[in-house]
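One structure is given below, encoded as structure tokens.
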Amino acid sequence: MTPMDASKKPMQASHLDEEIRTEELARAVMGPGGGSRDPRESLMAPRRKKHSRPRGIFWALAGLAVFFVAAFAGSYYVAHQELSATVAARESSLKAGVEYLKGLDLASATQEFSSGNASMPGWIDSFASIMSGGRGALGAWDDLSRQMLTLTQNLGGAEKDLWGIFADASITNGTSSSTATTSTSTTTTAFASGTAAVPGSSPSLLVGDLTGIRKALDAINADMNTLSGEGAALGALGIGAPSAANSSNYLAFKTELGSAEQFLNAFTPWFGDTAATHHVLVLLENPSEMRPGGGFLGSYADVSVRGGAIIGISVHDIADVDAAFAGKIIPPTPLQLEEKGWRPADGNWFFDFPTSASATISLFESSSLYADASTTFDAAIALTPRTIGDILSLTGPVSIPDTALGIVPPKGAPTSTIFSSDGLTEEIQAVVQAGQAKRAGSVAPKSAIGLIWKEVLSRLASSTTDVQQQLLSLVPAWTANKDAMVYFKDGDMENFMRILGAAGDEFRFPQNFNGDYLAVANTDVNSDKSELYVSSTIAWTVSIGAHGTATDHVAIVRTHRGNQAPRADWWYRTTNQDYLQIMVPAGSTLDNEKGGFIKRVPAPLDYAKEGYSPYPLLAAIQSSTMPLFSIPGVTVRYGTTRGGDASQTPDPGRTVFSVWDRTYLASTTEITFDYSHPLYAAPEDGTQYEFVLERPSGAAGEYKVEIDAPLGYVFAENELASFLYDSTSTPGRLVFDLTLQKI
């Protein structure tokens, strides 16, 4: 700082002080109001502070703010807890409702969806609104319950209308001279008092219900998509967002929505189109003669649908379509012992029902019985006797006069035959086979089947809602046990059947499958009806090796109890000759087999010379089946190994070992297989394995499973070194998911 600068500083400060004092003096003289006051009084008074307030006000404001924050936090906590509890209750109702819906228990589903459909208190709605995305998420959640309720109501309406449509249908017993469509010359009897059970039911009402179902499914899908996009908001509300990770219960339903809509898009026109006739082939399986795809196709029904109505149900002996079949197709090798050519009756040769159904439809459509009328089948349904037996348990036994069955009564009073759920198969077989010589020539040999179905459907159409609901509740068990299997030619419709578990399709090995698999299929050849009285026990033991190898032992015990049949019917006492196949994971190596034998089957004729053609899939099976030279008596068919092209094999992901077995009356046989195969992942703590057991449709018996963990491990599911299963009512597909836990 220069001397000049130093001299300027005090002078400037002095000048500033002078200005301030001048202003103060002016204020003191003039006063606040501009009046004159004593200057000395003003100068001597202390200077007043601006904005001077009591300190208590600040503390009051601070306390109020703290109280407000604390109150808000407490209210937020209480509201959040209440909201979470409310949503949890609704989530529980929604999940339960979906499970009831899958079980076709519409009454219980309606109750659950109704309880989850009540309006939320206004304060909860307001609370959700202040959260980012909360209102949209909660709205979608509310709408989801409403739409599920609407869906259930529409399903209930469709159910009632279907009963009315069945009530108007008619049944005929076809003969070898029957045409593919309902014949006007054939006596037709409508179901008694059918439409009275469902007043006002009509195809148009059913179409309306199906349209309502489609709209509800579309709205449900939109709600689920909204919920999936509001993960953060749902988390704040205490709701888990839909995701693949927790897709069980109600969330699994989302994966079915798109397929269900596609199904309805294809199915609804069946009931709205008055020009086209859709034919459904109903295959009635007979477990007295087993095939890989189920029981022998002894009878069937052609169900015709047009304009939303069932215009006819024609029941036939399988001999009708066989007699009109002129095709020359080389049959499966084992069947060449009893048949020269492959025919419609043997179409269910494949373990996979969609494959069997497709082949059977193709054979039926080639028969002049249907080809002459250009009749094609859009779908096939296979039923075992258990289905009609369960229905008879609900409706009561059916009594049919023997004269209607074509049986000439003995001298005296007319007689009747009673068909009940107990011994149904034996009773029908007795009427069909044992009474052949007493039948009147004008009655079809298997007229009993058509008459039973007519009476049963008549009773159901006029039954109470409770009985009808009980029947619907049986459907999931039928499909799970392969007592009812459904196939559609239409890809979207068939895919929906697969998702529902109603397709009867064989297990599809996923990529990197880590586990084990077993299926056992029997084929009776020249055994009459003896299979009905052959009891079997299949014991499957799996040991997981320390290095990731599964060692398997399968023991199949078959006992012929035909001598214990209530009747002395010879067709149950015949020696049982069985072509036995066990299906195991591809890459399995057979180490040992006991009890089976090899049977050479010479061709009954020169197929090439006689102009017979191979069926592509049967030819693929035949060409890939070869003797296992290391173990005489066994043939093997190799499927694709991991990473192979499954489309080039008749057994994707499987290796099939086959032997012949012969069980005499009142005797027991045992066949055992020992084999091994590598697992995808070696054992370690937390490793998960999947074990799949499948059985054919109609196959009865006891299944025993034992799965042993490696040394030093237990299964987390039961905390034991072994997992055991033993049942005489095993479903069509049984899956065990087990997790290793190191000890």
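Exactly one condition in (1) buried (at least 21 other Cβ atoms within 10 Å of the Cβ); (2) at pLDDT below 95 is false for residue 306; which is it?
(1)
For residue 503, only one of the following conditions fails: (1) free of Cβ contacts under 8 Å to residues at least 40 places away in the same chain; (2) within 26 Å of residue 477 (Cβ to Cβ). What is its number?
Tallying (1) free of Cβ contacts under 8 Å to residues at least 40 places away in the same chain; (2) within 26 Å of residue 477 (Cβ to Cβ), residue 503 fails exactly one: (1).
Search segment 370-390 for residues being in a helix (DSSP H, G or I) and charged (D, E, K, R), and hand back the single one that is surrounded by the most Cβ atoms within 10 Å (Cβ to Cβ).
Only one residue tops the list, namely 386.
Which count do you get for residues in segment 641-698 that are among the charged types (D, E, K, R), modelled with pLDDT of 95 or more and closer than 17 Å to residue 517 by Cα?
4
Take segment 648-678 and flag every residue that is over 19 Å from residue 634 (Cβ atoms) and crowded, with 20+ Cβ neighbours inside 10 Å.
Matches in segment 648-678: 653 only.
Which strands (runs of 3 or more DSSP E) does segment 636-737 wholly contain that include 3 or more residues that are hydroxyl-bearing (Ser, Thr, Tyr) and in contact (Cβ under 8 Å) with a residue 60 or more places away in the chain?
Hits in segment 636-737: 654-663, 668-678.
Go through (1) in a loop (DSSP other than H, G, I, E, B); (2) touching a residue at least 24 places away in the same chain (Cβ under 8 Å); (3) not assigned by TED's automatic domain parsing to the domain that holds residue 521 for residue 620 and report which single condition fails.
The failed condition is (1).
Could you check, for segment 500-511, whether at least one of its residues is under 30 Å from residue 671 (Cβ atoms), at pLDDT below 90 and in a loop (DSSP other than H, G, I, E, B)?
no
Touching a Ser or Thr at 6+ places or on another chain (Cβ under 8 Å), at pLDDT below 95 and part of a loop (DSSP other than H, G, I, E, B): is that true of residue 492 in this structure?
Considered against the rule, which asks whether it is touching a Ser or Thr at 6+ places or on another chain (Cβ under 8 Å), at pLDDT below 95 and part of a loop (DSSP other than H, G, I, E, B), residue 492 comes out as no.
With respect to residue 482, is the statement that it is touching a strand residue (DSSP E or B) at 6+ places or on another chain (Cβ under 8 Å), in contact (Cβ under 8 Å) with a residue 12 or more places away in the chain, in a loop (DSSP other than H, G, I, E, B) and more than 25 Å from residue 268 (Cβ to Cβ) true?
In short, yes.
The values are calculated or read from the model by the stated rules, or taken from the named source; none is laboratory data. These numbers come from a predicted model, not from an experiment. Note: ideal-geometry Cβ built from the backbone for every residue, glycine included; neighbour counts use all protein chains shown.
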